Structures are given as structure tokens and as C-alpha cells.
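Notes for the one structure printed next.
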Amino acid sequence: MCIYCAKHHWSDECLQYRTLSARKQVLKESCFRCLKVGHKTAECKKNKVCVYCGERNSHHRSLCPKRFKSSESSVHLTEELPMTQKGDIPEENVLVSSGEMVLMQTAKTEVKGAKSDRHRVVRMLLDSGSQRSYVSEALARKLNLKQEGKEEINVMTFDSDKSKVVKTKISTMELKLKPGDYMTISVNIVPVISGNIQRKPMKGLSENANHLLKSVDLADDIAEDSELCQIDLLIGNDYYLDIVLSQKLEVQPGLYLLSSKFGWILTGRTQEGVHDRNDVNMLIMTYGTKFNEITAFVSTDDCLTKVPDLEDFWKIESIGINDCPTLSSDENAMSAFKNTLQFSDGRYQVKWPWKDDSQDLPINRQLAMGRLRSTIARMKDKPELMIKYDSVIQDQLTKGIIEKVNARTGKMIHYLPHHAVITPLKTTTKLRVVYDASATFRSCDKSLNESLYRGPVMLHDLCGMLLRFRVHNIAVVADIEKAFFQIGLQPSDRDVTRFLWIKDCDKPVVNKDTIEENSFCRVPFGVISSPFLLGATIESHLDSYECELSEKIRVIYT
């Protein structure tokens with residue numbers, strides 16, 4: 001169960017709390033190494049290693065700064081580093097900008113669907129730098145917005161000379177203005193505009209400024225304390241000038257009130273009177289010596305040891321549209337694995353990580369039959385090889401690795417051609433039966449490997465493994481016997497691993513009466529997803545034990 005949102009997924013895969021700052025707000029007084037309450041991070045006795053960055057005794061893997069962003073965006077103050085506990089010294093130094101707070105143009109109003117009666121009060125962001133207006137999928141569902149079309153948007157981002165195409169749905173909605181009238185706008189529906197954003201109270205305002213703010217009708221309230229909120233609606237330049245009016249009042253140097261149809265919008269910059277030591281405004285670099293105090297540098301070029309990766313800055317300045325709004329293939333494979341993993345009869349049972357178009361997998365029995373004839377023909381003059389080949393299959397049948405198929409059942413049926421690989425110098429398995437999951441009968445057909453996600457590579461850096469191997473005086477090497485066959489395959493996915501073999505090796509004739517069908521009960525070697533399923537199962541098993549031994553095994557294994 002996720003420690004942050006209490007839903008059934010791993011804590012480091014929480015989509016509700018994606019950033020470090022949001023997650024640490026949930027943890028509050030918890031330890032950042034083991035996520036338990038009752039002691040501070042410096043007092044934690046857990047010996048944990050982060051699976052993402054490899055650091056030991058530093059943080060929980062869901063709080064890895066190299067894997068997760070510090071924050072996504074901010075309305076009143078952009079914070080790109082998490083808040084630290086009082087008295088804690090950051091692990092790395094941070095050079096930060098001076099304490100200046102920038103207020104974006106936000107407004108709160110009632111919105112509703114143009115063709116539905118549902119309505120919500122939301123906080124919106126007005127951005128003249130965006131050509132279009134956007135609404136999040138979450139708000140679109142709450143308002144029951146009807147799709148009125150689809151549109152492909154060419155998005156040009158910072159530090160890029162090529163546009164990227166994003167497919168979105170189009171709908172219409174209504175915004176309530178201050179006089180009580182409604183304004184109809186067209187919006188593009190996107191997965192998310194921004195995650196949890198942080199609003200901060202105003203500091204350092206003059207008495208005249210405070211009096212002015214209290215005498216006008218503001219479009220958005222001013223935060224009294226630090227708070228997290230969410231932006232579900234972004235008004236772009238297509239409607240910006242229809243909403244923002246021409247009047248502008250200067251509250252103080254750099255801070256203004258803009259007149260709009262939602263009320264007066266407070267925007268601009270202001271210097272805070274007191275700088276909080278735990279406040280971090282803008283990350284510039286993380287190299288050099290540790291600093292306990294927040295320091296502002298006029299020039300940082302001389303002390304830079306490495307050119308910072310500016311891509312993170314461009315992402316933070318974006319409006320929430322990713323290059324690909326859907327999950328990557330590795331994320332889909334991992335999600336499918338965790339949603340379908342079972343443990344029964346003393347063995348982990350997995351399913352194949354299918355792609356969406358997996359229903360096109362053909363019944364290639366004719367191909368398997370032709371390959372079997374070729375295999376038998378090559379072994380006719382080598383009866384000892386034929387006997388060894390048959391003994392391997394019969395041994396797998398006895399051990400429950402494969403099972404006989406008596407009838408054609410199942411939603412998808414697919415056959416795996418196979419052949420022998422002989423290694424005479426090998427001391428253990430001199431003959432191995434290899435299954436070809438990439439075989440196709442026609443060019444238009446799909447193979448099993450083409451219908452499955454490969455999955456993320458679970459084996460970690462080989463250099464690190466070799467270095468850990470040389471740390472101690474004595475090294476011990478172990479191997480799991482037939483590791484793939486230790487992982488069970490759920491019955492619903494077994495029919496795509498069928499293969500043909502002859503009933504009697506003394507009569508090597510291939511026809512419909514002399515062959516039998518078998519299918520795998522375990523994960524076979526030769527399928528593109530098999531290495532991922534093995535590695536992910538081992539990782540999942542180690543994760544189920546919160547003990548020092550499991551962490552030691554993880555370090556050795558990874």
C-alpha cells in the first residue's frame with residue numbers, strides 16, 4: 001500500500017504525489033529513510049540502499065532526488081527543491097537566487113460544462129504565453145464535458161528546433177464572470193496541467209499596499225499560510241484578452257493589480273521582508289562544497305565544475321503537456337506486472353505484458369509444423385540426439401514445466417517453433433531446446449515477441465557489480481538452476497506458448513496422428529519479456545521483506 005495516498009501500488013509509483021516536496025509534506029515528522037514515524041532521519045538504523053541512485057543510508061527510494069523532481073510548478077512561489085527539516089543539513093550544496101517572490105496571474109470562479117448541469121469552483125491560471133486553453137482530464141470528468149472533436153497540436157518547447165505533435169480532445173465550457181454572466185470557451189483536454197502547487201503568504205507589503213488590497217474585489221484570495229493547491233484550468237492567449245481589461249494599478253514597485261472580468265488580479269514580484277532559512281526558491285547548481293546558509297551569488301560561472309542540465313528548467317516552465325501524454329512501454333510493462341502478479345502453490349505466477357494490439361496474434365500451427373519437420377529431418381541420422389531431445393521435453397513434462405494440451409481452447413492460440421542448441425564443452429546442459437518467439441509465417445503476421453512489451457532492463461550497471469565483487473577478500477558465486485522455469489505462467493496466458501513434438505521418438509514421422517501439443521506452465525526462455533519477468537519477480541520478492549538481509553541481497557543482486 002502506498003504510504004502517500006493509501007492506494008494499492010508501490011510508494012515510488014504514486015501519481016497523486018509525484019514530487020519530492022509534495023511527498024515530504026505528507027510525511028511530515030516521518031523518517032525519510034524508512035518512512036516510519038517516531039524518529040528522525042539522522043537517528044534511523046535502517047541500512048537501506050536506493051535502487052535508483054545507489055546511495056546508502058540517504059533516503060527512501062520514493063524520495064530519490066535523481067529519480068523524482070523536486071516540484072512541478074507554483075502559482076505564487078516556484079520551489080524546485082523540497083523543504084528540509086529544521087536543523088537538517090542538505091546532502092548537497094545548493095546555490096540559490098535571492099529571496100524574491102513572483103505571483104502568477106490566477107483567478108477563482110465557477111465553471112460548468114456547456115452541455116451539462118455540473119459545476120465546480122476552480123482556480124485557473126491565465127497565461128498569455130500559451131496559444132491554447134487547456135482543462136485537465138480530472139476536471140473534465142467532474143463537469144461531464146462532452147467531446148466535440150479531436151485536434152493535433154504542434155508544440156514547440158524550449159531548446160528545441162522541432163515541433164512535437166500532441167493529440168487532444170476538444171470540448172466547450174462556461175466561466176462565470178463577476179457580473180454573473182457566463183462566458184463560453186473552447187478548451188483542449190490534457191492529462192494534467194500541473195501537479196500540487198504551493199502558494200505562500202505575502203510578506204513585506206507596506207501599509208498602503210495592504211489597504212489597497214483590502215479595498216478591491218480580488219479575483220483570487222491571498223494565502224494566509226503556506227498551502228498546496230491544484231490548477232485544473234489554464235486560459236491561454238486565445239481568450240486572455242477577452243478576460244483581462246486595460247486598467248492596471250501599481251501596488252508597489254514590481255507588484256500590480258490587473259483588472260479582469262473575474263476581479264482584480266494580483267501579479268508581479270515582491271521582496272520578502274524575512275528570508276526563511278528553509279526556503280529554496282530556484283535551484284542553480286549542486287556542485288562544490290556544502291553550505292549551511294542560503295547564499296546568493298552574483299556570478300556562478302567561475303565555480304561551475306559541470307554544465308548544468310537545463311532540460312529540467314524547460315520542463316518546469318512548461319504548461320503540463322508532456323512529449324507523450326501516455327505512459328512509456330517500460331512503465332506499461334511494469335504496471336501490468338504489478339497488477340497481475342500472484343503467489344499460489346508456493347510459486348510466483350505472472351502474465352505476459354501485452355501490448356494493446358495483441359489480439360492480432362495469429363494461430364501459426366502450420367509454421368510450427370514445418371519447423372518440426374525440419375528439426376526431425378536433421379536428427380534422423382543422429383538417434384542419440386533425438387533421444388536426448390525427447391528426454392529434455394519429457395523431463396519438463398514430469399516436473400510440471402510444460403503440460404499436454406488436449407483441445408483447442410483459449411482466447412489466443414499461438415505456437416513456438418523450436419530447435420536444439422548443442423554445446424559439447426559445457427559441463428551441465430549439453431543440449432538446450434530453444435524456442436523461437438520471433439518467428440512469423442507471413443510478413444503481415446505478428447510474432448509473440450512483437451505483441452509483448454520487452455519491459456525495463458532489470459540488470460544494473462555491470463561496472464558497479466564488478467566493483468562490489470572485488471570489495472572483499474573472498475567472493476562467492478551462485479546461480480539459480482533454470483531460473484526462468486522457477487516463475488509460473490498463469491493459465492490464461494499459456495495457450496500462446498504451445499509447441500509441437502512427436503509422440504514416439506522411435507518413429508520420427510511428422511503428421512497429424514504422430515504429434516502432440518504441449519504448452520508452458522512456466523516462463524520459457526526465448527520470449528522477449530522473460531528476462532524482465534524474472535528480474536521483476538526477484539525485485540518484488542525482496543521488496544516483500546523489510547529486513548536487513550533483503551537489502552544485502554538486493555545490493556549483491558543489483
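Here are the numbers for this structure:
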| read-out | value |
| --- | --- |
| Test: residue in the stretch 12-22 that is on the phi < 0 side of the Ramachandran plot, outside the structural domain of Ala336 (by TED's automatic domain parsing), in contact with an Asp or Glu (Cβ under 7 Å, 6 or more places away or on another chain) and not in a helix (DSSP H, G or I) | yes |
| Complete set of residues in the stretch 221-235 that are modelled with pLDDT under 90 and either within 27 Å of Lys112 (Cα to Cα) or out of contact with any Lys or Arg (no Cβ under 8 Å at 6 or more places or on another chain) (or both) | Asp221, Ile222, Ala223, Glu224, Asp225, Glu227, Leu228, Cys229, Gln230, Ile231, Asp232 |
| Single unsatisfied condition, Ile319 versus (1) within 18 Å of the chain's Cα centre (by Cα); (2) farther than 30 Å from Asp445 by Cβ; (3) at pLDDT below 90 | (1) |
| Some residue of the stretch 233-246 being in contact with a Phe, Trp or Tyr (Cβ under 6 Å, 6 or more places away or on another chain), without any contact (Cβ under 8 Å) to a residue 24 or more places away in the chain, surrounded by fewer than 13 Cβ atoms within 10 Å (Cβ to Cβ) and assigned to a strand (DSSP E or B) | no |
| Number of positions in the stretch 383-397 that are in contact with a strand residue (DSSP E or B) (Cβ under 8 Å, 6 or more places away or on another chain) and among the aliphatic types (A, V, I, L, M) | 4 |
| Residue in the stretch 195-205 that is farther than 17 Å from Lys108 by Cα and either modelled with pLDDT of 90 or more or of a type in the set (Lys, Arg) (or both) present | yes |
| Test: Lys45 is modelled with pLDDT of 65 or more, part of a loop (DSSP other than H, G, I, E, B), surrounded by fewer than 17 Cβ atoms within 10 Å (Cβ to Cβ) and not acidic (Asp, Glu) | yes |
| Residue match in the stretch 511-525 (condition: under 22 Å from Ile363 (Cβ atoms), touching a residue at least 12 places away in the same chain (Cβ under 8 Å), part of a loop (DSSP other than H, G, I, E, B) and among the basic types (Lys, Arg)) | no |
| Answer from Arg522, Arg554 - the residue that is modelled with pLDDT of 90 or more, among the basic types (Lys, Arg) and surrounded by 14 or more Cβ atoms within 10 Å (Cβ to Cβ) | Arg522 |
| Any hit, the stretch 488-503, residues being modelled with pLDDT under 85 and of a type in the set (A, V, I, L, M) | no |
| Selected residue (criterion: modelled with the highest pLDDT) from residues of the stretch 52-79 that are of a type in the set (D, E, K, R) and either more than 26 Å from the chain's Cα centre (by Cα) or closer than 21 Å to Arg18 by Cα (or both) | Arg61 |
| Evaluation of Ser550 against (1) over 30 Å from Gln366 (Cβ atoms); (2) in contact with a strand residue (DSSP E or B) (Cβ under 7 Å, 6 or more places away or on another chain) (one fails), failing number | (2) |
| Top-ranked residue in the stretch 237-257 [being hydrophobic (A, V, I, L, M, F, W, C) and over 39 Å from the mean Cα position of the chain (by Cα); ranked as modelled with the lowest pLDDT] | Val251 |
| Boolean, Pro82 is modelled with pLDDT under 75 and either under 22 Å from Met458 (Cα atoms) or within 22 Å of the chain's Cα centre (by Cα) (or both) | yes |
| Residue list for the stretch 32-51, filter: touching a residue at least 24 places away in the same chain (Cβ under 8 Å) and either within 24 Å of the chain's Cα centre (by Cα) or at positive phi (or both) | Phe32, Arg33, Cys34, Leu35, Lys48, Val49, Val51 |
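The values are calculated or read from the model by the stated rules, or taken from the named source; none is laboratory data. Only a predicted model underlies this, so the values are computations on that prediction, with no experimental measurement involved. Don't worry about glycine lacking a Cβ; one is built from the backbone with ideal geometry, like all the others, and counts go over all protein chains shown.
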